[in-house]
Amino acid sequence: MITKIYNVISRGLLYCGVAVALAACSDTWDDHYDSMGSGSIHEGSLWQAIKSNPDLSNFASVVEACDFAKSLDGSQVFTVFAPTNSNFSKGEADALINDYKAQKNANVLEDDNTVLKEFVQNHVALYNHSVSSESHDSILLMNGKYAVLTSTDIDGVQMLSKNQLYGNGVLYTLSNKVKFLSNVFEYVAKDPELDSLRSFLYNSKFYYREFLPERSVAGSIVDGRTQYLDSVFMQRNDLFGYLGQLNLEDSTYMMIAPTNDVWKNLVEEYEQYFNYPASLTNRDSMVYTSTRLAIVNGTTFSRTFNPDKVLSDSAFSVSSIKGASMRKARWGAPFEYYQYYKPRLKPFGVLSQDADDIVKCSNGEVYKSSEWNIDKLMTFNKFLIYEAEGRSLKEMSRTKDSRGDSVNTVTPFTRQVSADSRYYNKVWDNRFVEFQPNFGTLNHSVTFTLSNVLSNIGYDIYLVTAPALASDSNAVAEVRVPTIMRCTLNVPGKGDVPIVGEDGKSKDFKTTPDAVDYLLLAEDYKFDVCTYDVNDENMQVTLKVETRVSNSQLRNNTYTRTMRLDCVLLVPHGTLQIVDELPEGTPYAGRPGIMMFPHGTFTDRPIKWWYMQR
């Protein structure tokens with residue numbers, strides 16, 4: 001996930017600079033004039049009209065200081081909504097000018113200069129927008145904001161004059177400034193209580209300006225390089241691939257935003273879970289990004305999928321997956337990660353903030369959180385399921401045959417559990433692998449890669465085995481005998497770590513005839529290093545499972561060297577319970593089963609759990 005972040009493209013909102021907008025957009029005054037039906041056009045341009053009007057002197061000074069006057073003096077058609085001096089003083093104008101210059105001197109991009117975006121472009125729209133007595137339209141301002149334009153006002157600000165026609169557009173004078181309302185992304189940048197979140201979302205590693213040559217106007221070639229007459233740039237933010245397009249004005253989001261103290265505490269806690277191997281390339285960058293993505297993933301919600309009726313039961317974050325089959329494909333089971341039950345129920349609901357901590361934005365709401373109700377079991381601290389028939393199988397033991405060639409000591413056969421079997425839905429994904437020995441006198445082993453483990457966080461490690469009857473209801477007693485196995489972890493930087501018993505010696509694990517076994521290999525086991533999103537095979541945790549059956553046990557047919565392995569489970573400590581009877585209300589009520597709590601086991605708060613029969 002983290003390595004992919006550096007390759008994400010086509011994410012982010014297109015913010016055209018003024019020069020870009022002029023080149024990319026077109027309109028004609030004839031179209032404008034025809035739309036008016038009647039009326040005369042004043043001489044001169046919009047800028048000349050603004051500059052010559054003493055009641056607009058303060059507005060004109062800001063427009064000129066921001067280098068926008070030349071745009072309003074050109075041939076492009078604009079509509080300008082200019083506040084008069086009565087409610088826009090010279091002191092306010094001077095403050096804006098100084099702010100603009102300070103940001104420019106600090107090398108703030110034009111796209112991000114708040115004076116240009118929040119004031120100048122908030123009073124200008126491309127094309128002509130004249131009004132009549134019936135007008136009630138939503139128009140798009142230069143900064144991407146939508147405003148409601150009626151015959152008498154724009155966003156509630158009264159017009160003092162309207163439909164003044166000039167050579168390149170329409171001029172309105174207003175009784176006050178048009179209020180700028182930040183979107184969710186913009187608001188995070190302004191609230192000092194959210195500085196820590198802002199520094200991550202606006203980090204230049206993720207938030208950057210990209211030149212688009214295919215959309216730019218090419219000129220001559222000088223010294224083998226194309227010179228562009230007009231350059232088009234796109235402001236991208238790779239984090240929007242995880243959070244949603246938080247700066248789009250035609251979308252509606254809710255975002256849970258941790259305050260600085262909460263962020264600090266979460267970073268301090270979560271960094272220990274992402275302790276990558278020291279030899280990993282870009283280790284520090286991976287630690288930084290993984291830790292903070294673990295905080296923000298699952299904090300944003302599209303209102304499209306979360307109307308009030310839905311939120312009465314569950315909140316589906318942008319990171320959630322709705323379809324059970326898709327959840328199973330992604331997480332090995334239809335767990336509901338990044339989906340929160342009873343989100344508005346106080347005090348534990350993820351959206352249960354007080355009204356004073358809910359900030360209205362132009363495209364949604366920000367829920368400022370000084371208490372963090374998103375538990376890691378709901379998001380990144382997941383059940384890790386390694387199916388024996390999947391990609392987790394790394395290698396099988398080998399020996400030399402009679403010709404001296406290296407060959408596998410076992411052959412794997414994937415077995416299916418049929419729907420009419422009494423073991424149906426007792427085996428994960430209703431499949432397992434039967435590893436049959438190729439040599440009768442040898443014990444053998446298979447090794448699985450356990451990818452995406454977190455560091456310094458407790459796992460209960462289970463090896464799940466299946467009986468012969470699960471795939472063959474006619475299996476005879478001779479093939480239904482159990483096996484004996486030993487297991488060894490291999491941890492980067494640590495080497496082999498045998499699974500031992502209370503006596504400190506390697507522990508033997510015996511399967512139960514005709515049963516699906518959940519063999520608890522280790523309880524509350526903590527890995528020293530994290531392999532989350534690590535692609536290097538040499539830095540992965542592995543588990544070797546080997547038979548420990550003697551030749552005499554084999555001859556007496558008390559044990560077999562055939563292993564029937566279903567999967568390896570790494571589950572957050574304490575979140576899997578084996579019970580004699582599943583609770584009432586489940587399809588398998590009263591039967592032995594497995595209860596799993598992948599969404600949090602919290603006292604006095606509603607939880608959701610998942611189960612399967614055993």
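May I ask you to evaluate 6.51 cos²θ - 1.76 cosθ + 1.60, the Karplus curve with θ = phi - 60°, for each residue of the stretch 558-574 and list the ³J(HN,Hα) values in order in whole Hz, giving x for glycine and proline?
Along the stretch 558-574, the couplings run 8, 9, 10, 9, 7, 10, 10, 9, 8, 6, 10, 10, 10, 10, x, 3, x Hz.
Out of Ser471, Phe316, Ala95, whose Cα points farthest toward the positive end of the dipole of the chain (charges: +1 Lys, Arg; -1 Asp, Glu; placed on Cβ)?
Checked the options; the winner is Ser471.
Normalising by the residue count of the chain, find the relative contact order in percent from Cα pairs under 8 Å and 6+ residues apart.
It comes to 11 percent, rounded to a whole number.
Restricting to bridges with both residues inside the chain, how much of the DSSP beta-bridge set is antiparallel, in percent to the nearest 5? Write out the running numbers ahead of the final one.
On the way: 96 of 110 bridges.
Bridges in the chain that DSSP calls antiparallel: roughly 85 percent.
Hey, what's the stretch 382-470 come to in accessible area per residue, 1.4 Å probe, Å²?
Accessible surface, normalised per residue, equals 43 Å².
Per-residue HN-Hα couplings for the stretch 88-93, Karplus 6.51 cos²θ - 1.76 cosθ + 1.60 at θ = phi - 60°, whole Hz, x for Gly and Pro?
My calculation for the stretch 88-93 gives 9, 7, 5, x, 5, 5 Hz in order.
Multiply the residue gap between Gln436 and Thr304 by 0.36 nm, knock off their C-alpha separation, and tell me the result in nm, one decimal place.
Extra length available between Gln436 and Thr304 comes to 42.3 nm.
Long-range amide H contacts for Leu450: which residues qualify at under 5 Å (H placed 1.01 Å from N, peptide plane, sequence gap of 5 or more or a different chain)?
So Leu450 has HN proximity to Val541, Thr542, Leu543.
What accessible area per residue comes out for the stretch 506-569, rounded to a whole number of Å², with a 1.4 Å probe?
I get 43 Å² per residue for this part.
I need the Debye-formula profile for the stretch 351-445: one equal scatterer per C-alpha, no solvent, reported as log10 I(q)/I(0) at q = 0.10, 0.15, 0.18 1/Å, two decimals.
Here the Debye-derived log intensity ratios amount to -0.58, -0.80, -0.96.
Using a 1.4 Å probe on the protein chains only, how many percent of the accessible area of the stretch 509-614 belongs to carbon and sulfur?
So the carbon and sulfur contribution to the accessible surface is 42 percent.
Determine the shape class of the stretch 445-599: with a ≥ b ≥ c the square roots of the Cα gyration tensor eigenvalues, call it rounded for a/c under 1.5, and otherwise prolate if a/b is greater than b/c, oblate otherwise.
Values: a/c = 2.04, a/b = 1.18, b/c = 1.73.
Judged from the Cα gyration tensor, the stretch 445-599 comes out oblate (a/c at least 1.5, b/c at or above a/b).
Please name whichever of Ser40, Gly144, Phe383 sits farthest to the positive end of the charge dipole of the chain, dipole taken about the Cα centre and charges placed at Cβ: Lys and Arg +1, Asp and Glu -1.
Result: Phe383.
Nearest 20 debye, what's the magnitude of the dipole of the chain about its Cα centre given +1 on Lys and Arg Cβ and -1 on Asp and Glu Cβ?
Here the size comes out at about 2160 debye.
For Arg415, list long-range residues whose amide hydrogen, built 1.01 Å from N in the peptide plane, is under 5 Å from its own amide hydrogen.
Phe432, Val433, Glu434
Separation of the stretch 242-267 and the stretch 381-400 by C-alpha centroid, Å?
That distance is 37 Å.
Summarise the accessible area of the stretch 419-485 (1.4 Å probe, protein heavy atoms) by the percent that is carbon and sulfur. Present the calculation step by step, with values, prior to reporting the outcome.
Numbers: 1040 of 2430 Å².
Answer for the stretch 419-485 is 43 percent, counting heavy atoms of protein chains only.
What ³J(HN,Hα) values, in whole Hz, does the Karplus curve 6.51 cos²θ - 1.76 cosθ + 1.60 give for the stretch 342-359 when θ = phi - 60°, with x put for Gly and Pro?
Rounded to whole hertz, the list is 6, x, 9, 7, 7, x, 9, x, 5, 10, 9, 5, 5, 4, 5, 9, 10, 9.
Explain nothing, just the number: dipole magnitude of the stretch 231-281 about its Cα centre with +1 on each Lys and Arg Cβ and -1 on each Asp and Glu Cβ, in debye rounded to the nearest 20.
140 debye
Got a sec? What order do Asp223, Asp67 fall in by accessible area at 1.4 Å, biggest, i.e. largest, first? Write down the numbers at each step before the final one.
Working: Asp223 150, Asp67 80 Å².
In descending accessible area the options line up as Asp223, Asp67.
Let me know the charge dipole size of the stretch 374-526 about its Cα centre in debye, to the nearest 20, where only the beta-carbon of Lys, Arg (+1) and Asp, Glu (-1) is charged.
Charge dipole, the stretch 374-526, about its Cα centre: 340 debye, nearest 20.
Return the distance in nm (one decimal) between the two label points of a simple spin-label model at Glu193 and Asp503, each offset 7 Å from Cα along Cα→Cβ.
6.1 nm
For the chain, what does the helix formula give at 222 nm: sum of -39500 (n - 2.57) over DSSP H segments with n ≥ 4, over the residue count, nearest 500 deg cm²/dmol?
Mean residue ellipticity at 222 nm (helix-derived): -5000 deg cm²/dmol.
Work from the charge dipole of the stretch 76-133 (Cβ charges, +1 for Lys and Arg, -1 for Asp and Glu, about the Cα centre) and give the residue of Phe119, Val108, Val80 farthest towards its positive end.
Of the options given, the answer is Val80.
What is the extension gain from Thr399 to Gln553, computed as 0.36 nm multiplied by their sequence separation minus the C-alpha to C-alpha distance, in nm to one decimal?
53.2 nm
In square nanometres, what is one fourth of the surface area of the convex hull spanned by the alpha carbons of the stretch 436-490?
The Cα convex hull of the stretch 436-490, projected and averaged over all directions, gives 5.9 nm².
Mind giving me the nanometre distance, one decimal, between the label points for Asp313 and Asp356, set 7 Å out from Cα along Cα→Cβ?
Each label point is offset 7 Å from its Cα along the Cβ direction, giving 3.5 nm.
What residues qualify as long-range amide H neighbours of Phe527, i.e. H under 5 Å apart, gap of 5 or more or another chain, H built at 1.01 Å from N?
Asn456, Ile457
For volume of the Cα convex hull per residue in Å³, several values are listed as (i) 131; (ii) 227; (iii) 273; flag the one computed from this structure.
(ii)
The values are calculated or read from the model by the stated rules, or taken from the named source; none is laboratory data. Not measured: the values here are computed from a predicted model. Cβ coordinates were reconstructed from backbone atoms using ideal geometry, including for glycine residues, and neighbour counts include every protein chain displayed. Only protein heavy atoms, including side chains, enter the accessible area calculation; ligands, DNA and RNA are left aside. Shrake-Rupley method; radii C 1.70, N 1.55, O 1.52, S 1.80 Å.
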